[in-house]
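**Q** Encoded as structure tokens, here's the structure I'll be asking about.
The values are calculated or read from the model by the stated rules, or taken from the named source; none is laboratory data. This is a predicted model, so every value here is computed, not measured. Please note: Cβ atoms are built from the backbone with ideal geometry, for glycine as well, and neighbour counts cover all protein chains shown. Remember, those area values only see protein heavy atoms, side chains included, never the ligands or the DNA or RNA. Shrake-Rupley method; radii C 1.70, N 1.55, O 1.52, S 1.80 Å.
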Amino acid sequence: MEVPLLVNDFLARAIKLYGPKEALVDGDKRFTYAQYGARCYKFAHALKNLGVGKGDRVAILSPNSHHFMEAFYATGAIGAVLVPINYRLIASDFEFIGNHSGAKVFLVDSDLTEVMDTLRSKLPTVQHYIVARFGNAGLPPGWLDWEALIQGLPTTPPPDPGLKESDLYSINYTSGTTARPKGVMITHRNSYINAYNFIAHLRINHHDVEMWTLPMFHANGWGGPFALTAMGAKHVVLRRVVGADMYRLIENEKVTFACMAPAVLAAILDYPDKDKHKITTRPRFTIAGAPPPQRFVERLEKELGWEFMQIYGLTETSPILTVAEVKPHLNVQGNDVYRLKARAGHDAVGVDIRVFGANDEEVPWDDTAIGEVAARSNVVFEGYWQQPEETAKAIRNGYFFTGDLATVNSDGYINIVDRAKDVIISGGENISSIEVEDVLYKHPSVLEAAVIGVPSEKWGETVMGLVVLREGKTATEKEFIDFCRDNMAHFKVPTGVRFVDALPRTATGKLKKFELREEFWAGVARRVN
Ligand code: AMP
């Protein structure tokens with residue numbers, strides 16, 4: 001028998017088996033699976049009544065909310081394609097994505113209606129603007145009210161739209177750090193298989209309570225809406241990443257699980273009033289999106305006693321590719337456990353990970369040779385929306401090339417050493433900016449660190465550290481350079497260190513190194529990877 005792999009099944013299962021169980025908490029609103037499911041289906045009917053059907057694109061522009069959680073299943077139920085947009089981008093990006101995806105409807109949080117109103121005349125394909133209102137927000141003119149639309153509609157699924165597993169579930173626009181964002185086409189099958197990996201490797205079960213530290217727009221919340229719902233676990237929405245809110249939710253909602261970028265983990269580790277909270281769970285924190293310093297692993301596990309899990313992947317891979325699991329037969333002990341967990345990990349089930357060096361030959365497992373990470377799997381996307389030439393560039397010999405550089409250790413665990421474009425080439429030697437950052441993070445005065453290559457007449461490029469100091473700490477450039485000399489090969493040591501108040505990051509916590517480089521490279525050409 002072959003039954004199509006559709007994410008819609010996950011919600012149907014939760015309603016059938018976990019109807020009375022609490023599913024979703026957002027501020028003072030609480031929904032059981034029966035109630036959450038009913039709201040998803042009502043909204044599916046509402047969209048259908050507006051003329052939205054199979055294959056139509058429905059954009060969503062919103063911070064995390066219960067409405068966002070409903071959109072994941074409402075669009076799936078009618079076979080529409082969800083287009084989650086990073087709401088921290090700027091107006092011209094919203095315009096670009098709206099037009100490029102050909103969105104028919106925009107679902108917008110009440111905080112973002114004003115910016116959308118400035119774009120209306122430039123978005124010819126958009127027929128309906130629907131607002132999800134919070135607090136006392138009034139209904140702005142020209143907007144349809146989400147709650148009014150679902151009034152009195154059926155709480156059961158609309159008729160089967162005849163979906164195949166290869167039909168598109170979503171188009172996720174990538175961060176677009178240097179160029180315009182690209183639309184990553186994710187099918188139901190991609191998301192379904194990713195959800196299974198999420199459940200298996202992150203050990204999701206019906207006792208779990210996920211705190212939504214991760215923005216839902218990012219790679220569909222890494223598949224959390226599917227994995228947690230499939231297993232009847234509970235979603236706790238976090239609208240903004242604020243230390244006090246996170247600790248309050250962990251304590252009161254008894255959070256057991258969360259996904260986040262290292263920058264969010266830093267906010268949790270550095271929250272000053274930790275001791276005021278009585279936390280009775282031992283949350284599992286899944287970290288990805290950027291390489292976490294080993295120090296973060298130690299602090300989470302030693303200081304807080306919680307569990308650190310690392311995964312690695314891309315929007316293009318739904319996203320899970322690797323997991324850093326400590327395999328029992330390796331007998332890893334003591335600090336080696338932290339060292340291993342700071343690596344991106346090894347192939348998730350159903351993923352074939354290779355690291356290819358020169359001439360597309362696999363690099364040896366010696367943790368020294370560097371190559372590009374490539375993956376072959378059913379989680380790999382369908383292609384870039386209306387950009388077949390970009391798709392063709394990314395997929396070669398049956399593998400998707402990620403643009404990330406890595407080494408592989410003798411047990412097959414990969415370590416991401418850099419994005420190809422961020423690696424520093426100094427005097428012909430490749431230097432991993434991430435490795436230098438890792439050393440800087442070991443210095444007690446460092447709150448945040450970024451390392452970039454800057455032009456050098458002598459070396460072509462040389463290493464520059466940018467450091468945000470911890471409050472109340474002082475340090476000199478020389479002190480950092482000496483500290484690095486004591487802790488790493490000398491050719492990798494920064495030749496300069498600058499102190500900055502903050503580091504520019506994308507909404508998903510990635511350092512915008514291209515922005516940091518700009519000042520140093522003005523008028524000088526840098527190599528292109
Ligand atoms: P995105 O498509 O926005 O999710 O970004 C994917 C990129 O994030 C990857 O290509 C990596 O450069 C980076 N990334 C994701 N997870 C990790 C990780 N565990 N370690 C290092 N970099 C990561």
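**Q** Just give me the residues in the range 116-133 being part of a helix (DSSP H, G or I) and open to solvent by less than 40 Å² (accessible area, probe 1.4 Å), in sequence order.
**A** Selection gives 116 alone.
**Q** Could you please let me know if residue 433 is open to solvent by less than 30 Å² (accessible area, probe 1.4 Å) and more than 15 Å from the ligand (Cβ to nearest atom)?
**A** no
Okay, residues lined up against (1) open to solvent by 10 Å² or more (accessible area, probe 1.4 Å); (2) farther than 22 Å from residue 228 by Cβ; (3) in contact (Cβ under 8 Å) with a residue 40 or more places away in the chain:
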residue: 243; (1), (2), (3): yes, yes, no
residue: 249; (1), (2), (3): yes, no, no
residue: 269; (1), (2), (3): no, yes, no
residue: 279; (1), (2), (3): yes, no, no
residue: 285; (1), (2), (3): no, no, no
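**Q** Is there any pair linking a residue in the range 509-523 that is in contact (Cβ under 8 Å) with a residue 12 or more places away in the chain and part of a helix (DSSP H, G or I) to one that is away from the ligand (no atom under 16 Å from the Cβ) and basic (Lys, Arg), with Cβ under 9 Å and at least six apart or on different chains, and which?
**A** Matching pairs, first to second residue: 517/526.
**Q** Would you point out the residue of the range 340-352, among those that are in a loop (DSSP other than H, G, I, E, B) and open to solvent by 30 Å² or more (accessible area, probe 1.4 Å), that is farthest from residue 198 (Cα to Cα)?
**A** Among those residues, the one meeting the criterion is 350.
**Q** Would you mind listing the strands (runs of 3 or more DSSP E) fully within the range 1-108 where at least 2 residues are surrounded by fewer than 19 Cβ atoms within 10 Å (Cβ to Cβ)?
**A** Where strands (runs of 3 or more DSSP E) fall fully within the range 1-108 and carry at least 2 residues being surrounded by fewer than 19 Cβ atoms within 10 Å (Cβ to Cβ), they are 29-32.
**Q** Also, quick follow-up: Applying the selection to the range 340-357, what residues are within 16 Å of the ligand (Cβ to nearest atom) and β-branched (Val, Ile, Thr)?
**A** Scanning the range 340-357 gives 351, 353, 355.
**Q** Of 205, 220, which residue is closer than 23 Å to residue 37 by Cβ, in a helix (DSSP H, G or I) and of a type outside the set (Lys, Arg)?
**A** When all the criteria are applied, what remains is 220.
**Q** Look through the range 319-339, keep the residues that are in a strand (DSSP E or B) and more than 8 Å from the ligand (Cβ to nearest atom), and return whichever of them is nearest to residue 201 (Cα to Cα).
**A** Result: 323.
**Q** Can you name the strands (runs of 3 or more DSSP E) wholly within the range 232-318 that have at least 3 residues being within 16 Å of the ligand (Cβ to nearest atom)?
**A** Where strands (runs of 3 or more DSSP E) fall fully within the range 232-318 and carry at least 3 residues being within 16 Å of the ligand (Cβ to nearest atom), they are 257-260, 284-287, 307-313.
**Q** So, in the range 1-59, exactly how many residues are farther than 20 Å from residue 150 by Cβ and either within 28 Å of the chain's Cα centre (by Cα) or touching a residue at least 60 places away in the same chain (Cβ under 8 Å) (or both)?
**A** Matching residues across the range 1-59 total 14.
**Q** Right, next: Name the residues in the range 388-411 that are under 22 Å from residue 362 (Cβ atoms) and either away from the ligand (no atom under 16 Å from the Cβ) or among the acidic types (Asp, Glu) (or both), would you?
**A** Scanning the range 388-411 gives 396, 397, 398, 404, 410, 411.
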